[in-house]
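Peer 1: Right, I'll just put the structure down here and ask away after.
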Amino acid sequence: MFLFRPIYNQVSGLYYDPWRIPDACTLWQWKEETQKTILEEKVAKIKPLNVKACDKLNLLIIGPKAHGKSSLINAIASVSMQEKTTMSNAGSGQSSSDNVTTVYRRIKFPGLFDSFTVGDVKGLTKEVGASSNLLEDLKLLIKGHIKPGYKFDATKPIATDDSFYIDNPNTAYMIHGVIIVFDITETYEIHAAHLNDIKDLTKKLHEMNIPISVMLTKADKLCRRVAENVEYIYHSKKVLTAVITVEKALSVPKKNIHPIVNFEDEISFGWKSSLPLLVALRACLSMAKCHLYNEQQKKGNAEAEAKSK
Ligand SMILES: Nc1nc2c(ncn2[C@@H]2O[C@H](COP(=O)(O)OP(=O)(O)OP(=O)(O)O)[C@@H](O)[C@H]2O)c(=O)[nH]1
Ligand SMILES: [Mg+2]
């Protein structure tokens, strides 16, 4: 065994021991029961602590175009419905000239996931400065100032007299957690325009204390061992290298960076392919829940202080 491990580590493209144990609370096993527990007991049950004030946790998905944002939404919807579902148009992957998604959509999932929503927005582009108006819109959207249905305009950010602009948003309109979606096969050389845009946004998110997670899509395309068997995702050397690269480039802690596989092209999906996604989703939702609670506490304290004056 002692000799076997180093040889295995050297020749297989994998680490014998996983570089991440995805669920620290239980004995992690790639089993259907694990998927069922995380799905039904963890992800489906997570909800805001004060449901009267805000009954859903709002996540927002941002990232470069064609990196898999809409496919991720479809994968979440499919898991929620327990059957292959399409909620957001995903591209064919053949052309990268146009964004498929251009309108802000807030998706409520039919099925098990009724305690959270996911926002789908236009993707960031590689032309330097081209996303500056989109970034301004996203900052306002995160604060709850933009209604779903708004069509992004590359030439200008939303005006305060726009019919999709909300003057005084409440916590139910705000974003409680942001997921940066990034194609793992593009992490070796992150495009400078993407890096600048994402850094600009994450700086703002840090100021607002909004939790940030990164989901690295297309792990199956990066590593053939993951394509063979998704169980290798937490053993793959290539996947770990990508996670570390992103940690350094985006200054997001490693624990908040999750490799996943969307199953857009698959006709059906099994419990196994959805497991990394569920692990990632659970982590994002529990951070969003804490953030919303803290915001509500702050708001409550500020109101009490104002009354006492
Ligand atoms: N192999 C593989 N392909 C994926 C994965 N995720 C997405 N894709 C493919 O990547 C392409 C782009 O995906 P989309 O979901 O349309 O990307 P998007 O980020 O929504 O793109 P825009 O709306 O244009 O910004 C599609 O062909 C998907 O099938 C994945 O995990 N593995
Ligand atoms: Mg899209």
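The values are calculated or read from the model by the stated rules, or taken from the named source; none is laboratory data. Given the structure is predicted, the values throughout are model-derived calculations rather than measurements. No Cβ is skipped: glycine too gets one built from the backbone with ideal geometry, and neighbour counts run over all protein chains shown.
Peer 1: If the requirement is being away from ligand 1 (no atom under 13 Å from the Cβ), without any contact (Cβ under 8 Å) to a residue 40 or more places away in the chain and touching a Lys or Arg at 6+ places or on another chain (Cβ under 9 Å), which of these qualifies: 133, 58?
Peer 2: Working: 58 fails: without any contact (Cβ under 8 Å) to a residue 40 or more places away in the chain.
Of the residues listed, the single one that is away from ligand 1 (no atom under 13 Å from the Cβ), without any contact (Cβ under 8 Å) to a residue 40 or more places away in the chain and touching a Lys or Arg at 6+ places or on another chain (Cβ under 9 Å) is 133.
Yes/no per residue for (1) closer than 30 Å to residue 222 by Cβ; (2) under 18 Å from the mean Cα position of the chain (by Cα); (3) surrounded by 19 or more Cβ atoms within 10 Å (Cβ to Cβ):
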position: 62; (1), (2), (3): yes, yes, yes
position: 66; (1), (2), (3): yes, yes, yes
position: 76; (1), (2), (3): yes, yes, yes
position: 80; (1), (2), (3): yes, yes, yes
position: 87; (1), (2), (3): yes, yes, yes
position: 120; (1), (2), (3): yes, yes, yes
position: 126; (1), (2), (3): yes, no, no
position: 131; (1), (2), (3): yes, no, yes
position: 140; (1), (2), (3): no, no, no
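Peer 1: Tally the residues that are part of a loop (DSSP other than H, G, I, E, B), surrounded by 17 or more Cβ atoms within 10 Å (Cβ to Cβ) and aliphatic (A, V, I, L, M), restricting the search to the range 253-273.
Peer 2: 2
Peer 1: Residue 152 fails exactly one of the following numbered conditions: (1) over 24 Å from residue 192 (Cβ atoms); (2) at pLDDT below 95; (3) within 16 Å of ligand 2 (Cβ to nearest atom). What is the number of that condition?
Peer 2: Every condition holds for residue 152 apart from (1).
Peer 1: Right, here's the next one. Scan the range 4-42 for residues that are closer than 26 Å to residue 242 by Cα, at pLDDT 85 or above and within 20 Å of the chain's Cα centre (by Cα) and jot them down.
Peer 2: Of everything in the range 4-42, those that are closer than 26 Å to residue 242 by Cα, at pLDDT 85 or above and within 20 Å of the chain's Cα centre (by Cα) turn out to be 20, 21, 35, 38.
Peer 1: Looking only at the range 142-164, filter to residues that are assigned to a loop (DSSP other than H, G, I, E, B) and within 15 Å of ligand 1 (Cβ to nearest atom); which one of those is surrounded by the most Cβ atoms within 10 Å (Cβ to Cβ)?
Peer 2: 152
Peer 1: Among the residues of the range 65-78, is any farther than 23 Å from residue 282 by Cα and within 13 Å of ligand 1 (Cβ to nearest atom)?
Peer 2: Yes; the residues of the range 65-78 include at least one that is farther than 23 Å from residue 282 by Cα and within 13 Å of ligand 1 (Cβ to nearest atom).
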